[in-house]
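Colleague: Below you will find the structure I want to go over with you.
The values are calculated or read from the model by the stated rules, or taken from the named source; none is laboratory data. Note that the structure is predicted; figures quoted are calculated from it, not measured. So basically every Cβ, Gly included, is an ideal-geometry build from the backbone, and we count neighbours across all protein chains shown. To get the accessible areas, we keep the full protein, side chains included, count just its heavy atoms, and leave off ligands, DNA and RNA. Shrake-Rupley method; radii C 1.70, N 1.55, O 1.52, S 1.80 Å.
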Amino acid sequence: MAIDVIKPYARMLSSNNSFPIREFTFLDGINLLRRIEYFGRVSHRSEDAQTDDSWKRFIPAVVMGHGDWSIVEHASVTVDMVVDRGITHEIVRHRLFSFTQESTRFVNYEKKMPPSFICPISSPEGHLENCHCEPCIAYHQAIMDWENAMEQSGNAYRSMMEQGFAPQIARSVLPNSLASRIVITGNLRNWRHFFIMRTTKEAHPQMREVTIPLLEKFQQSIPF
């Protein structure tokens, strides 16, 4: 039986508490910066000095210049992410975030949806698709081994469910490559620390696969 292999992703969600949920926009980012400025001005009771674009001066001067990162904690962003279980284990170590994650205890992958997987193996950089050099041969063998392992785990899960075991028991045969959806909410100070930790060359390659594009989205949507 063919396995369902998907690509990981991460998307920013609007922070204005609206429903239905929509994606984060540039205007949402500007509003967050205005919110930071407003609460930052409370300490000096200079709220009346805030204008439509005063955040352009306030944020660089007060937050970035003076290092007053505490006021950034008043602005939060939610991210909807699909990664493998191994990466979610690393993400939830950022304990100041709030998390809601797809539960393998309660999701019945036989009734709700078939399990999907995220492949951790990347093709050798700069090599052609039909290349038969040693690195490419090893890569194709690794892909075959991984696909076989995913198929076996999926078959074992299905067999246990057919024997009457609950999803929370059958999940024990599912691998770290199982795709899992997780929703993460945190203030901008927490996100800044998260990106410092999870976009560097020391971070797991599968982590960087989602965090680097996500950081770019943050930078595009929230100036500064």
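Colleague: Quick one: which residues, 5+ away or cross-chain, put their amide H under 5 Å from the amide H of Ile121? H built at 1.01 Å from N.
Modeller: Under 5 Å from the amide H of Ile121: no residue qualifies.
Colleague: Could you give each residue of the range 78-83 its phi-based ³J(HN,Hα) in whole Hz, using Karplus coefficients 6.51, -1.76, 1.60 with θ = phi - 60°, and x for Gly or Pro?
Modeller: Values, residue by residue: 9, 10, 9, 9, 10, 9 Hz.
Colleague: Convert each backbone phi in the range 104-112 into a coupling constant with the Karplus relation 6.51 cos²θ - 1.76 cosθ + 1.60 (shift: θ = phi - 60°), then list the ³J(HN,Hα) values in order as whole Hz, x for Gly and Pro.
Modeller: 6, 6, 10, 7, 8, 6, 8, 9, 6
Colleague: Report the local net charge at Gln50: Lys and Arg +1, Asp and Glu -1, summed over other residues whose C-beta lies under 9 Å from its C-beta.
Modeller: On the way: positive: Arg34, Arg41; negative: Glu37, Glu47, Asp48, Asp52.
Neighbour charge sum, excluding Gln50 itself: -2.
Colleague: Can you tell me which lysines have their Cα less than 27 Å from the Cα of Lys56? Leave out same-chain residues fewer than eight positions away.
Modeller: Correct list for Lys56: Lys217.
Colleague: Enter the accessible area of Met64 (Å², nearest 10), with the probe set to 1.4 Å and all protein chains included.
Modeller: Approximately 100 Å² for this residue.
Colleague: If you don't mind, there's one more thing I want to ask. Given H placed 1.01 Å from N in the peptide plane, which residues other than close sequence neighbours of Asp4 have an amide H under 5 Å from its amide H?
Modeller: Long-range HN contacts for Asp4: Phe117.
Colleague: In debye, nearest 20, what is the charge dipole magnitude of the chain about its Cα centre with +1 on Lys and Arg Cβ and -1 on Asp and Glu Cβ, if you could check? Mind dumping the intermediate values first?
Modeller: Values: 24 positive and 25 negative charges, 157 e Å.
The dipole of the chain has a size of about 760 debye.
Colleague: Suppose accessible area is computed on protein heavy atoms with a 1.4 Å probe; arrange Asp80, Asp48, Asp53 from highest to lowest. Intermediate values should be presented prior to the final figure.
Modeller: On the way: Asp80 0, Asp48 140, Asp53 70 Å².
These residues rank, largest area first, as Asp48, Asp53, Asp80.
Colleague: With springs only between Cα atoms under 10 Å, which of Glu73, Glu47, Glu23 fluctuates most in a Gaussian network model of the chain?
Modeller: Glu47
Colleague: Moving on to the next point. Give the lysines reachable from Lys112 as a straight Cα distance under 26 Å; neighbours fewer than 8 places away on the same chain don't count.
Modeller: Here the lysines satisfying the reach criterion relative to Lys112 are Lys7.
Colleague: How many angstrom lie between the C-alpha centres of the range 147-186 and the range 44-81?
Modeller: A separation of 44 Å, based on Cα centres.
Colleague: Once you compute Rg and the Kirkwood Rh from C-alpha atoms, what is the Rg to Rh ratio for the range 5-134? Please list the in-between numbers first.
Modeller: On the way: Rg = 21.6 Å, Rh = 19.0 Å.
For the range 5-134, the value is 1.14.
Colleague: Across the chain, how large is the tail of the calculated P(r) beyond 30 Å, expressed as a percent of all Cα pairs? Before the final figure, lay out the partial values.
Modeller: On the way: 10020 of 24976 pairs.
When all Cα pairs of the chain are counted, 40 percent exceed 30 Å.
Colleague: Treating only the Cβ of Lys, Arg, Asp and Glu as charged (+1, +1, -1, -1), what charge dipole size does the range 177-224 show about its Cα centre? Round to the nearest 20 debye. Each step should come with its number before you reach the end.
Modeller: Numbers: 7 positive and 3 negative charges, 21 e Å.
The dipole magnitude comes to about 100 debye.
Colleague: Within a Cβ distance under 12 Å of Ile118, other residues only, what is the Lys/Arg minus Asp/Glu net charge?
Modeller: 0
Colleague: Mind jotting down the three principal axis lengths of the range 131-224 based on Cα atoms? Whole angstrom, largest first.
Modeller: In descending order, the Cα extents are 54, 45, 20 Å.
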